[in-house]
1. Sort out for me the Cα centre separation of the range B:213-280 from the range A:251-276, rounded to whole Å.
2. Hey, got the average number of other protein chain Cβ atoms within 10 angstrom for residues in B:155-163?
3. What are the ³J(HN,Hα) values, in whole Hz, obtained from phi via the Karplus relation 6.51 cos²θ - 1.76 cosθ + 1.60 with θ = phi - 60°, for each residue of the range B:85-102 in sequence order, with x given for Gly and Pro?
4. Short version: ³J(HN,Hα) in whole Hz for each residue of the range B:208-214, in order, from phi by Karplus 6.51 cos²θ - 1.76 cosθ + 1.60 (θ = phi - 60°), x for Gly and Pro, what are they?
5. Long-range amide H contacts for B:THR239: which residues qualify at under 5 Å (H placed 1.01 Å from N, peptide plane, sequence gap of 5 or more or a different chain)?
6. Evaluate 2.2 N^0.38 Å with N set to the residue count of the range B:209-346, then give the Cα radius of gyration divided by it.
7. Would you tell me the mean number of C-beta atoms belonging to other protein chains that fall within 10 Å of each C-beta in B:168-175, as a whole number?
8. Would you report the distance distribution of C-alpha pairs in chain B as whole percents per 10 angstrom bin, up to the bin with the largest distance?
Amino acid sequence: MLQPIDLTKQIPLKTTLGCGVLDGFLRGGLPCGIITELTGEAAAGKTQLVLQSLLTVQLPRSEGGLDGKAVYIYTEGKPPVERLQSILTNRFNGRPDINLANVLIEERPITTPEDLLRSVRQLEALLEREAVVPIATAAAAAGSRVADAATLSRRVVRLLVIDSVARVFRDAGESDEPQVQQLHRRAAQLFGLTALLKGIKGGGGAGSRPAPLVSSGRRVLPALGLAWANCVNCRLFVARHEAGNGGVVRSLQVVFAPHLPHSYCCFKVDQQGIQGLLDEAAEQGSALRRHLD
Amino acid sequence: MLRQEVVTMPLPPHLRNKLLSAGFTNASELERCGGPVALARETGMTPEEAHEVLQLLGERLPAGSDWRAGAVSAATLLEAHLAAPRIVTMCRDLDELLGGGVATGQVTEFCGVPGIGKTQLGMQLAINVQVPAALAGAQGQAVYVDTEGSFMVERCADIAEGAVRHITAMAEKQAASGRPALAEGFRSGAVVFNVASLLRGIFYFRIHDYTEQLALINMLPRFLQQYPQIRLVVFDSITFHFRQDFTDMSQRTRVATLMAQQLIATAQTYGVAVVLMNQVTTKVMEDGSSKLVPALGESWGHAASTRVMLHWGVHDNERHAALFKSPHLPPGNVAFTVTADGVRGMPRGSRGGAGLANR
């Protein structure tokens, strides 16, 4: 018989983004157990955000991480490993516990929805195998009272990033199928993917095309439509804006989330990766305010 | 049925006459007589005959045996309907739209686009069902069936905190107007209404596919018998797993119809409010235009007796609830908000023309 879960014992698990401002904005970071979608124009900063999260998830619990590994499925060609390495060097230099070995990158090209579904299913099998190990290790450790037994346990995958989902589904469908049937089939595939993703414990992130908000001064529209929107639990919109002094300001906005109000946070991208900006520091002119308020 | 009269019971005539001669006129009197031996003594039946009569009280009558035995009067039904507890949403306009709140004993559906507030409303109802009877609350518990993973406990705790503040304030108001019982109950600890108790009052299930969903619906009657304080069952959402596990649409319709029948029966039998959150989908019309309709198709439309569409306002940026199906209420459209404390009504002075008349 199915058993209810005791809510008073639920501890919401989140992974830090490595920045106090962004973590505060997200009430702790990227949540486990739900699908968070990062949507935005090309070059808005989505990939930068997820690259940073591939590293911050490896941080220990005491620093807001999940002590975990990450899986990165990149669908737009060659994964930006050099950039990942550069953030690692500049931001986490000298830390042995944060390294590229803890980031598993899907090597095979993912171009069709079937490829993506297959990859995620195989990942599911891998996670199931791994899930058994830490429990066994911890039990053995308790028995033998080894003080640093925790470090002996293998890391488990705690973050899955798909960058991006839209790329794979955008071109799906044979040209001789009627339009409506194509839409139905695509919707079915999207839901199938989500069901798989939601069955996997651990955070998930996906980049996709724009949401109905403003970026670079233009209104932008969603790709993948309503069916996909129904699949994600939390949608965050990443945008870039021209600042008053000629520079660029980026914003991260909550479009919808069960635990967050409609709000936004500015951030910048530099060699060290992503850094959130407090409101005062984001004084870049009224043009930005008009878009976001 | 305790009101069943002896004259309508399908008994052999000689037994019926013995009951009537002994002064028994209805089933509740038979229940009170204290067992087959006592009944036999009072009526002059043999113990076996008395046992057979009492057995009949617990049995369902076969179809067609005597329709009066299975019927109740409309007056009785109306009494029951008016007395049945309702679950408030804490948005007064929305409660009025629903006739006082979400009704128990029925299936109510809320559908809407992602982000409109379905999960927020589901969580709010799961908290509000626990409001004490002294404040006209249902004073019950809730089952929350999470099929999408949108239920986040920290948000539910926020909503619980907001409810505690709201209810405490109402208890103080009652005390100030001469009814201090509830406020004293809170102070003395006799009545518990805090975040921990509210979270414990929600039986939370996480469902990962449609077979789990169907298994849970099958198990629900037993669960409700085990925990009779439950007055609300929320499915958030009822649709999600049905949109991708089926390739055969007619099979999906059959399964959905069966699910609907079970939910209606469960709501009626146990007097609980079954609340279904539904997604919306785009329907392409014949002329090529498209509109948003509740998911799962037209045959699903019969599942809920009351259906509400949550949507963003056409003329404003507010959240709206539009009642489009109800057994006895007129259609209507009201605005509501979602604050840090949960679902609430619009702030005073900003209720636009889209509300109910005279508000």
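No value in this document is a laboratory result; all are computed from the given coordinates. These figures come from a predicted structure and were not determined experimentally. Every residue, glycine as well, gets a Cβ built from its backbone with ideal geometry; the counts of neighbours run over all protein chains shown.
1. 37
2. Per-residue shielding by partner chains comes out at 2.
3. x, 10, 10, 6, 9, 6, 10, 4, 4, 5, 4, 5, 4, 8, x, x, x, 6
4. Listing the rounded values in order: 9, 7, 6, 5, 5, 5, 5 Hz.
5. Under 5 Å from the amide H of B:THR239 lie the amide H atoms of B:GLN279, each far enough along the sequence or on another chain.
6. Details: Rg = 16.8 Å, N = 138, 2.2 N^0.38 = 14.3 Å.
It is 1.17.
7. Counting other chains' Cβ atoms within 10 Å and averaging over B:168-175 gives 0.
8. It works out to 5, 21, 26, 21, 15, 9, 3, 0, in whole percents.
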